[in-house]
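Colleague: One structure is given below, represented as structure tokens, and several questions about it will come after.
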Amino acid sequence: MSRRSGTPAGAPLSVVLGDHPHTRPLKNGTVPVAGVRCDYPEFAPLPPAFARMVRELAYDICEMPMATYLQARDAGVPVTLLPVVLVGGTHHRSLTRLPGGAALGPKDLVGRRVGVRAYGQTTGMWVRGWLREEYGVESSDVTWVTTEDVHVAAYRNPPFVERSDSGRVADLLRSADVSAAVLGPKALGGQGAGLVPLVKDAEDAGLAWIERHGTVPANHLLVVRDDVLRDRREDVAAVYRALEEAIARTAGERDASPAGRAVTAGWSASLAACLEIAGQYALEQGLIAEPVDVAATEERVAFLAE
């Protein structure tokens, strides 16, 4: 991993944020970052920026998937989590199959092949978590067929993961290479159009998961390079506070769905629970090798509450 030198005081901070209603006020200047100049590199799609951040430390502050953050932390990548959830929601709807075929339930996946963009994809992590928790299906009970590599270069997939060059995840399903497919929120409305969930009453199952755990699964968080946090702590705090204000200002644009409720800024019992559960799932699935110290994570960003 190449390491960038620190960003000098007064130089613009490079801040990578996806195109969300709650990030646009920063990008268009409606909510300024007090005393700090920021550049907002644009990516469409966003995932290549995640890989560049954890492999090259290419930006100062960057939106990052939960599983990528956990793997980066485990690999010693010098980034710190900031307490912001930019994207989240439940994922019982994310495990899909073709319509019209033989009925297939979650327990039927044992011994079968399931498509997923990457073994380190956050949606896949959440899906495998509830598969084990609710149906007793272990990650190793399934062959996971991927179309992309994980973002963290040092990670090596377990032996029950295969790589395919057949294109998109939904293409694997439609070509009968896999029995089911894991699709993220955007893909469900795109390449996954017409597919159906394996879980009956998937929305209710997701709400039951939230009730049981006291949190909404987070997909995208925010991280800062450790050297930037060390050398420009007040500037990092200014970016965080601007994003906190933007999230508050756009609250009326979000509904009461899990996806709407997931977007938050600030440390909370819900965020702590989310990190604890995600860390447990990641450890069970072999995505990380060491448990996540949630208390230490909170302590590193305690200054933001001052």
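The values are calculated or read from the model by the stated rules, or taken from the named source; none is laboratory data. These numbers come from a predicted model, not from an experiment. Glycine gets a Cβ as well: all are built from the backbone with ideal geometry, and neighbour counts include every protein chain shown. Ligands, DNA and RNA are stripped out before the accessible areas are found, and what is left, the full protein with its side chains, is counted by its heavy atoms. Shrake-Rupley method; radii C 1.70, N 1.55, O 1.52, S 1.80 Å.
Colleague: Any chance the range 88-101 includes a residue that's under 30 Å from Ala305 (Cβ atoms) and aliphatic (A, V, I, L, M)?
Modeller: No, the range 88-101 contains no residue that is under 30 Å from Ala305 (Cβ atoms) and aliphatic (A, V, I, L, M).
Colleague: Please go through (1) over 15 Å from Gly89 (Cα atoms); (2) touching a Ser or Thr at 6+ places or on another chain (Cβ under 8 Å); (3) at pLDDT 95 or above for Arg300 and return the number of the only condition it doesn't satisfy.
Modeller: (3)
Colleague: Same structure, new question: Does at least one position in the range 265-286 carry a residue that is surrounded by fewer than 22 Cβ atoms within 10 Å (Cβ to Cβ) and closer than 20 Å to Leu26 by Cα?
Modeller: Among the residues of the range 265-286, at least one is surrounded by fewer than 22 Cβ atoms within 10 Å (Cβ to Cβ) and closer than 20 Å to Leu26 by Cα, which makes the answer yes.
Colleague: With respect to the numbered conditions (1) in contact with a strand residue (DSSP E or B) (Cβ under 8 Å, 6 or more places away or on another chain); (2) basic (Lys, Arg); (3) buried (at least 21 other Cβ atoms within 10 Å of the Cβ), which one is the sole condition not fulfilled by Arg128?
Modeller: The number of the failed condition is (1).
Colleague: What tally of residues in the range 44-60 results from selecting those that are more than 16 Å from the chain's Cα centre (by Cα) and over 15 Å from Val77 (Cα atoms)?
Modeller: Total satisfying the criteria: 1.
Colleague: Would a scan of the range 60-70 turn up a residue that is surrounded by fewer than 23 Cβ atoms within 10 Å (Cβ to Cβ), among the hydrophobic types (A, V, I, L, M, F, W, C), within 19 Å of Ala153 (Cα to Cα) and touching a strand residue (DSSP E or B) at 6+ places or on another chain (Cβ under 8 Å)?
Modeller: No.
Colleague: Any idea which of (1) more than 20 Å from Met66 (Cα to Cα); (2) without any contact (Cβ under 8 Å) to a residue 12 or more places away in the chain; (3) in contact with a helix residue (DSSP H, G or I) (Cβ under 9 Å, 6 or more places away or on another chain) is the one Gly189 doesn't satisfy?
Modeller: (3)
Colleague: Could you run through the range 95-107 and say how many residues are open to solvent by 70 Å² or more (accessible area, probe 1.4 Å) and not in a loop (DSSP other than H, G, I, E, B)?
Modeller: Result for the range 95-107: 1.
Colleague: Does Val36 satisfy the criteria of being of a type in the set (Val, Ile, Thr) and either touching a residue at least 60 places away in the same chain (Cβ under 8 Å) or open to solvent by 70 Å² or more (accessible area, probe 1.4 Å) (or both)?
Modeller: Values: of a type in the set (Val, Ile, Thr): yes; either touching a residue at least 60 places away in the same chain (Cβ under 8 Å) or open to solvent by 70 Å² or more (accessible area, probe 1.4 Å) (or both): yes.
So Val36 fits the description; yes.
Colleague: Given (1) open to solvent by less than 10 Å² (accessible area, probe 1.4 Å); (2) under 25 Å from Thr215 (Cα atoms); (3) of a type outside the set (Asp, Glu), identify the lone condition not met by Met53.
Modeller: (2)
Colleague: Of the conditions (1) touching a residue at least 40 places away in the same chain (Cβ under 8 Å); (2) touching a Lys or Arg at 6+ places or on another chain (Cβ under 6 Å), Tyr240 clears all except one; give me its number.
Modeller: (2)
Colleague: Here's something else I'd like to know. Quick check: is even one residue across the range 43-57 more than 17 Å from His220 (Cβ to Cβ) and in contact with a helix residue (DSSP H, G or I) (Cβ under 6 Å, 6 or more places away or on another chain)?
Modeller: no
Colleague: Suppose the filter is at positive phi and modelled with pLDDT of 95 or more; does Gly76 pass it?
Modeller: Against the criterion (at positive phi and modelled with pLDDT of 95 or more), Gly76 qualifies.
Colleague: Go through the range 149-257 and tell me which strands (runs of 3 or more DSSP E), entirely inside it, have 2 or more residues that are open to solvent by less than 70 Å² (accessible area, probe 1.4 Å).
Modeller: The qualifying strands (runs of 3 or more DSSP E) are 180-182, 218-225.
Colleague: Being open to solvent by 20 Å² or more (accessible area, probe 1.4 Å) and either assigned to a loop (DSSP other than H, G, I, E, B) or of a type outside the set (Asp, Glu) (or both) narrows it down to one of Gly115, Gly111, so name that one.
Modeller: Gly111
Colleague: Of all residues in the range 3-33 being open to solvent by 70 Å² or more (accessible area, probe 1.4 Å) and closer than 24 Å to Val77 by Cα, which is modelled with the lowest pLDDT?
Modeller: Initially, the range 3-33 is screened for residues open to solvent by 70 Å² or more (accessible area, probe 1.4 Å), giving 3-5, 8-9, 19, 24, 28, 30, 32.
Next cut, closer than 24 Å to Val77 by Cα only: 3-5, 8-9.
Details: Arg3: 48, Arg4: 54, Ser5: 56, Pro8: 79, Ala9: 76.
Looking at the filtered set, the residue picked out is Arg3.
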